[in-house]
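Scroll down for the structure; my scribbles are underneath it.
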Amino acid sequence: METVHIMLIGENVGHVYTAVEDTSFQKIKRIYLIHSPNSKVGKKIPYEKRAKEVKKKIEATSSKKVHLVQLPENGAFDKTETIMAIAKIVKKEYPSKLGSQQQIAVNITGGTNMMAV
């Protein structure tokens, strides 16, 4: 059974590659990476750039299709924005493209603490 995998992108992206490379997990058909825009103040973290690099690397080394979903400026610190982004993906995928909601996996090991909440 093929799945849709929704993952949060933060400073670290190792969890994305772990999920993609884990052959014991269900076969992943599509991946959605939810990320913040590039940070312009404070620590200045290139979230969008990082997400694009992950997408490029995954699509170059596998047949998986990766979709990027960017949150608004403060979305990573607003649980509602993250929940709405995930809900939109689920609505898009089920039931039109998937036979069961069990074919959707949400990986919350990345992103900010608020996104994981």
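The values are calculated or read from the model by the stated rules, or taken from the named source; none is laboratory data. These numbers were taken from a predicted model, which means no experiment stands behind them. Cβ atoms come from the backbone with ideal geometry, glycine included; neighbour counts cover every protein chain shown. Keep in mind that these areas ignore ligands, DNA and RNA; they rest on the heavy atoms of the full protein, side chains included. Shrake-Rupley method; radii C 1.70, N 1.55, O 1.52, S 1.80 Å.
Which of the residues that make up the stretch 18-54 are under 25 Å from Gln102 (Cα atoms), open to solvent by 50 Å² or more (accessible area, probe 1.4 Å), in a helix (DSSP H, G or I) and not acidic (Asp, Glu)?
Scanning the stretch 18-54 gives a single hit, Thr18.
Which one is farthest from Ala105 (Cα to Cα), of the residues in the stretch 55-65 that are open to solvent by 90 Å² or more (accessible area, probe 1.4 Å) and among the polar types (S, T, N, Q)?
Thr61
So, in the stretch 81-108, how many residues would count as being modelled with pLDDT under 85 and assigned to a helix (DSSP H, G or I)? First the steps, then the outcome.
Taking the stretch 81-108 and keeping what is modelled with pLDDT under 85, we get 94-108.
Now narrow it down to the ones that are assigned to a helix (DSSP H, G or I): 101-103.
Total satisfying the criteria: 3.
Limited to the stretch 49-58, what total is found for residues that are at pLDDT below 95 and of a type in the set (Asp, Glu)?
0
On the basis of being in contact with a His (Cβ under 9 Å, 6 or more places away or on another chain), part of a loop (DSSP other than H, G, I, E, B) and at pLDDT 80 or above, does Gly10 make the cut?
When the stated conditions are applied, Gly10 passes them.
Report whether or not Leu68 is of a type in the set (A, V, I, L, M), open to solvent by 50 Å² or more (accessible area, probe 1.4 Å) and either assigned to a strand (DSSP E or B) or modelled with pLDDT of 90 or more (or both).
Working: of a type in the set (A, V, I, L, M): yes; open to solvent by 50 Å² or more (accessible area, probe 1.4 Å): yes; either assigned to a strand (DSSP E or B) or modelled with pLDDT of 90 or more (or both): yes.
When the stated conditions are applied, Leu68 passes them.
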